[in-house]
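Notes to accompany the following structure.
The values are calculated or read from the model by the stated rules, or taken from the named source; none is laboratory data. Computed from a predicted model, the values in this text were never measured in an experiment. Virtual Cβ from ideal backbone geometry, glycine too; neighbours counted across all protein chains shown. Accessible surface is based on the protein model in full, side chains and every heavy atom, while ligands, DNA and RNA are left aside. Shrake-Rupley method; radii C 1.70, N 1.55, O 1.52, S 1.80 Å.
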Amino acid sequence: MTFSAVVDGDTVETSLGTVRLIGIDSPELGECGHDEASMAIGRVVSVGEVVTLELPEGQNDRDSYGRLLRYVITESGADLGRMQVEAGNAIARYDSTDGYPAHPRQADYRAAQIASAGPDGSVVTVVCRDEPQESVAPLAAPVATEEPWWEQYGSCSRLKKNTVGHPTGPFSEDDPAEVDIYNWFQYGTGHSGDGDNDGLACE
């Protein structure tokens with residue numbers, strides 16, 4: 001089977017359908033660390049690349065959302081789940097330590113984990129944990145931080161319909177001025193804006 005797209009840091013699309021990586025959890029859309037976790041997968045596996053899906057004995061075939069539960073292994077032998085845990089983009093979760101079926105790599109995943117779970121159960125990635133927190137002086141108004149303009153568009157097709165004059169592409173991964181925009185539409189939206197994998201998004 002082949003890799004089709006990144007959904008987020010723990011979920012991918014393949015030619016067999018949507019796959020939830022076994023034994024890990026990454027930040028949800030809108031949470032700190034989501035984009036970095038999503039982009040990390042896009043850096044190691046390309047659209048159309050052959051991947052191996054492994055269902056360990058004793059594991060559920062699908063989760064409560066109907067997604068396949070699998071280890072996803074790239075052609076080079078990289079285990080996407082372990083890679084995310086090692087990189088600090090995800091935590092080890094949904095295994096026998098929290099009421100789910102055991103999986104063969106859970107001890108390995110937990111030993112490799114460097115991210116952490118927040119008090120509310122959210123995933124605190126290394127990037128988010130290590131970010132300096134800006135203090136606001138008493139009586140000072142908080143400084144509003146604007147997201148980059150391209151992050152208001154969830155796909156290339158939405159971007160191309162904009163009426164405010166934003167560039168509509170294509171955006172090159174080799175152009176330093178455009179690489180962040182390329183990464184957003186290729187990895188951050190879940191829609192694989194560079195579908196033909198030629199280094200240009202939103203053609």
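Data for the structure
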quantity	calculated
The chain: most fluctuating residue of H34, H191, H166 per GNM, C-alpha cutoff 10 Å	H166
3J(HN,Hα) from dihedral phi, the stretch 153-169, Karplus parametrisation 6.51/-1.76/1.60, rounded to Hz, x for glycine, proline	10, x, 6, 5, 5, 5, 4, 5, 8, 5, 10, 10, x, 5, x, 10, x
Amide H contacts of L16 (H built 1.01 Å from N, under 5 Å, at least 5 apart or other chain)	T2
Cα-based Rg and Dmax for the stretch 1-62, where Dmax is the largest Cα-Cα distance (Å)	12.0, 34
Probe 1.4 Å, accessible area per residue of the chain, Å²	53
Nitroxide proxy distance, nm - points 7 Å out along Cα→Cβ at E147 and R62	3.0
Spread of Cα-to-Cα distances over 5 Å intervals beginning at zero, given as percent, for the stretch 11-109	2, 13, 24, 27, 21, 10, 1, 0
Debye, to nearest 20: dipole size of the chain, +1 on Lys, Arg Cβ, -1 on Asp, Glu Cβ	540
Hull shadow area, averaged, the chain [alpha-carbon convex hull, nm²]	13.7
Solvent-accessible area, 1.4 Å probe, carbon plus sulfur percent, for the stretch 1-98	47
Within the stretch 54-96, GluC sites (Glu not before Pro) in DSSP loop having at most 13 other beta-carbon neighbours inside 10 Å	E57, E75
Student exercise, the stretch 49-114 dipole from Lys, Arg, Asp, Glu Cβ charges, in Debye to nearest 20	180
